1. Under 18 Å between alpha carbons, and skipping anything fewer than 8 positions from residue 225 in its own chain: which lysines qualify?
2. Find the percent of Cα-Cα distances in segment 157-243 that exceed 20 Å, and round it to a whole number.
3. What is the gain in length, in nm to one decimal, between residue 139 and residue 640 on full extension, counting 0.36 nm per residue of separation less the C-alpha to C-alpha distance?
4. Quickly rank 279-287, 1104-1112, 971-979, 677-685 as a protection proxy: mean count of other C-beta atoms within 10 Å, highest first.
5. Just to confirm my numbers, what's the Cα centroid distance between segment 1045-1063 and segment 402-424 in Å?
6. Determine the share of segment 708-807's accessible area contributed by carbon and sulfur atoms, expressed in whole percent, with a 1.4 angstrom probe.
7. Could you please state how large a percent of the accessible area of segment 244-449 is carbon and sulfur, counting protein chains only and using a 1.4 Å probe?
8. Where the accessible area of segment 96-152 is counted over protein heavy atoms with a 1.4 Å probe, how much of it, in %, is carbon and sulfur?
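The values are calculated or read from the model by the stated rules, or taken from the named source; none is laboratory data. Keep in mind that what you see is a predicted model, and the values were worked out from it rather than measured. Counting neighbours? That spans all protein chains shown, and the Cβs are built from the backbone with ideal geometry, glycine included. To get the accessible areas, we keep the full protein, side chains included, count just its heavy atoms, and leave off ligands, DNA and RNA. Shrake-Rupley method; radii C 1.70, N 1.55, O 1.52, S 1.80 Å.
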Amino acid sequence: MNISLSSYIKSNFYWSSTFVLQVHSDVLLIVQAAPPAGVWSYRHHLPRKRLIATLAVSRRTENMTWVLEGAAMPASLLWAVDVYGRIYSLSTSGQQWEQCHDAQLEFKRVAATQQCCWAIACDNTIYLNLYPSDLPVRCKEETYENQRWNPVDGFSERLLPSDRWQWSDVTGLQHQPLDSFRLPSNSWEWEGDWYIDENFEGEPTEKSGWTYAIDFPAYYTKDKKWNSCVRRRRWLRYRRYRAMDTWVKIPSQQTTLPDPFSDISCGAWEISEESMGHLSLWAVSLQGKVWFREGIYYQNPEGSSWEEIPPPGEVVQISCGPGDLVWAVMWEGQLIVREGISRVCPRGTSWTVVESPSPDVGAIHVAVGTSVVWVVTKDNKVWFRRGVNSYNPCGSGWMNMVGEMIMINVGLNDQVWGISCDDRAVYFRQGVTSSELSGKTWKLISVPRDQDRAHSSASTNSTQSAGCFFSGEVRAQSAVSDVESDTQNVSIDEAICLVTSASPESIVDASLDQSTDTPKPCIPKVTSDSFISELVSDREPLKSTETDVGSAALAVLVDEIKSPSVGVSPDPQWSNVELEEARAQQVQAGAMQDSADTCSLSSVATYTLAMEDLYGADEHPLWAWVSGGGCSVDSHSQLNWFNCSVNTSLVLPVQSMSLSVTSAQMSSWRRQIFEQLSERTKREMDNFKHYEQAIEQAVWVKKGSMQWWRDWKPYRWIDVNFALEQFSGPEGTKDGILFIYYNFYEEKKYIHAFINEVTILVPVLNDSKHTFAIYTPERTKQRWPIRLAAATEQEMHDWLALLSLSCCHSRGIHGPPSKQAIWSITCKGDVFVSEPSSSLEAMPYPTPCDQMFWRQIGGHLRVVECNSAGIVWGIGYDHTAWVYTGGYGGSFLQGLASSTDNICMQTDIKSVYIYENQRWNPVTGYTSRGLPTDRYMWSDASGLHECTKTNTKAPSPQWTWVSDWAIDYSVSGGTDREGWQYATDFPALYSGHKTMKDFVRRRRWARKCKLTTTGPWQEVPPILLSDVTILPCPAQSSVDVVPLWAISNKGDVLCRLEVTTLTPAGSSWLHVGTDQPFKSISIGAASQVWAIAKDGSAFYRGSVTPQSPAGDCWYHIPSPAKQKLKQVSVGRTSVYTVDENGNLWFRVGVTPTYPQGSFWEHISNNVRKVSVGPLDQVWIIADKVQGSRSLSCGTVCHRLGVQPMAPKGQSWDYGIGGGWDHITVRGNSIEPPRICLASCTESSASVPNSHLPV
């Protein structure tokens, strides 16, 4: 089997599949692992440097595997075009320009977003490049088959003349037979054939999928009745976008073609608040016309058609911002602004002319952002427009800026890039913030291109730059890349040469010996070791021990790959490999090397450099265009764009020659010094053991002034003195007492609490005060904690950090949470953990919940899930996925209360909602004048509190506003074109359609706020998630790869690959096909996967095994009668769900042979969330729990009496709360102690339902 490794991988590599190079005797095979049944794999052209390789040695039957897999493309890129029409991208975490290769195209314009990139080629046509992702782009096509009943034939295709079409859309007005559906372009493909939808409003229908009604149109039901005269069923078919990570020509219109394009701009993704937000694409033709691309959204990235927008004159350039700003430059140098742009009318209504900044010099270029406008005039002067916003898109005045540019582009967060007219270099505007939109200064982006690094390698001696000894002649080393190349002459034998000659100890770029003579097309004896080193280092940081293992693995590979045409030296780790047969093949194909790929840092050394670079070795590139529409940069971003020199020819030799002290030697020295210091400290301390202790007990007191929420009526804040008294005993134990001193009728009194009795310190959500609460077991039962308010945020954080550290010391808790810890989240987003005891689940006397101690872990999340292997994932309010790094602390927990490493920066964004309410009257229609008994005309969701745009503040002082108030159209029940929902009265069920009985209406306004903090969490880009679940491993489990399932914010079901204890973040996603979007998912200890769809129906995934981690198909499980489920949790054998009305249900009859179960049984009400652990323990977040003074919402509750013979339990034990929003006990696999009592052996015949008190 002799095929080209490069061409095979390039044409057959799937993003979610795996390729294995196997050695059987003398044959080297490339095998694609078959994806699991029911799972779609998606083809991607992997960009260079996005390839990860690992070497795994298997001694079974002489097999050695080399697994290659794809990694996601960076989500934040800066795009640019040079004067030769080549497109480059620069990552926010990178240090070089990566060329985007397409040998057939040259571009002149590029417009980027966070999901895709648009460009104009030199043939004046528009191309689209959709970024690669593990989440596919799928579109559902549907049509309805309609039938009518008649006495002769029964239900048949014979319809009345007044009826709808036999095959139609949901309204029946459009004729849609199955054969009328066509793919929009060649970039799409069908996933399968048409099939019948057997799900109706969350309930399964009969096998044929029919729903019945009296007539068309009417209300349909799944049950056939005596008066059902018509019926219909829905047919579904999915199509998938397959042209990911490649430039695709936008299909032309079927009618008249628009003029050739000269400029393009993409934006307006912030107008729509929907998850499937639309994009606006504006283009300018060579004749000065303006065109708008219709129908661009997530499921239709190419758009549908072009629409001409007549301008007041000839336009030469246009710019569209992320919001509703669109500016253009006319031929005469004037500027025009598009007004009336909204979600309903994204193309706008009219143009307004704005004069050029300079009366004598016209404008040639304009760039707009969210609230900024930058202009370049014909004399290359840069101007900034003041006072630009959504309400005043024209702005108020011009301000001249320093610098001369030929073009400018505004990206995310109103960050600015420009190309200088002097050196054609890209500059970044530093200091741009929300308070200073114009920035401070221009800074040169001085990073090399990939060709520049190749040239710099060529200027050094290969034996010096490699940092190691090669025992052969160095003939020629190519800087041309590897498996991504278009050249078709890399054989499998050459791949063997690549692996065997690569040294795992060197991470230095390959050098290039290039002479004036024509290079001889042959395979060099010495190949670059940087390729393998780079791939392995991307997978896992190299250590001294891992280097030896990698060398041994390569040696084993060389021993096992033996062929008569391959010469292997006795030392395979440093051997030179010369393939005569492959050399002859490359000599014959030397003429075909002109289009060799030249865009990687890796050097495979199997090609000669035939295509000459258009720039010299010491020349920087000349840029023609730059686009930062998809580049996420803010004032806190750490960029590596300004530390590199474009000419690296002098840097690399110095680095190569300074390898006398390796990292392994440095690590050994540090370890030796540390051991010597530890021995010396121990030896010196032993000399003083016979001395008595000078101080047997120490006392520390910290005092301060705060406000306290008084315990008696009238409840109000009063000024108090707060004191913490700490003391330590002779054994080193520490404890303390809290004192709160207050005045009661001029009499000084105090209340106190022992530190060892404090169960939790929790910040309280308050928009005006910096408050926190102190709980003890007694106050937990009363639902009435000690509430204190500090004068400043810093003072509150100082007290919280001190009190938290004191509580941990008194209980002997140090370091990160254990693998068995219970995790929870408050409604404020704070993360807490509790270390469970072995008696927590003991029967019949478990540890009460109110005595559990909770400590705060840094970070801000909405959902957290864990297992007993120590793998913890979280999801923020903005649906960003985070993985636990193993640290503790962060945020305000500093010093001894926080770890020194594994603490990362974390941001979160959430929306604040208010409602505008109106009532109808016969004279004026809908107005803001309501009845005296009505709710506030501006209120919260309940209508009990007045919330206007001016008096509504961020959730707490830690949050800052990042947007203005905007109408929210993504409300449950739908809205009309203006965002209104209608109902008969307040409160009632709202809908987006007005009827004659609707006398009130409301619409929701949203405003985004942002929180920046730190914690032991690392982001897992780029797919946004709404739910996640991890296999709850038993305590003695030895699972290597832990199954992890998730649901994206768009409802797609995903399965994470290669999640282990060493790599908890995994590698990539597998998409699991579904017929509808999902909202909740859970996997049990036996790999049973349950999920809840957005319509409230339940599903079970069949045949999920370690060999088939994604299973094969979904089984529809009927929901409880007249209930829509919203959340599911699966334990070892138990399945619990929560419906939208707060009812908790248990699935009866679940067995290994019948995992779907039999029916649902009601357990309790007033439940918000449920979590089932690996031992089938049940914990919930309950609402309306009775306290001493009021009902408490968001209380942690534990189900008592759960046993194998009684999995439903008996009663509830109330713990911490309220204000809690999420809990997970899926990591607690500690077996409780077994106590044999006579009363415990009796089992009840039936367990009555347990209801939470209302």
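1. 207
2. 45 percent
3. Length difference between fully extended and current span is 176.5 nm.
4. 279-287, 1104-1112, 971-979, 677-685
5. The two parts, judged by their Cα centres, are 39 Å apart.
6. 50 percent
7. Solvent-exposed carbon and sulfur of segment 244-449 make up 48 percent of the total.
8. Reported share for carbon and sulfur atoms: 45 percent.
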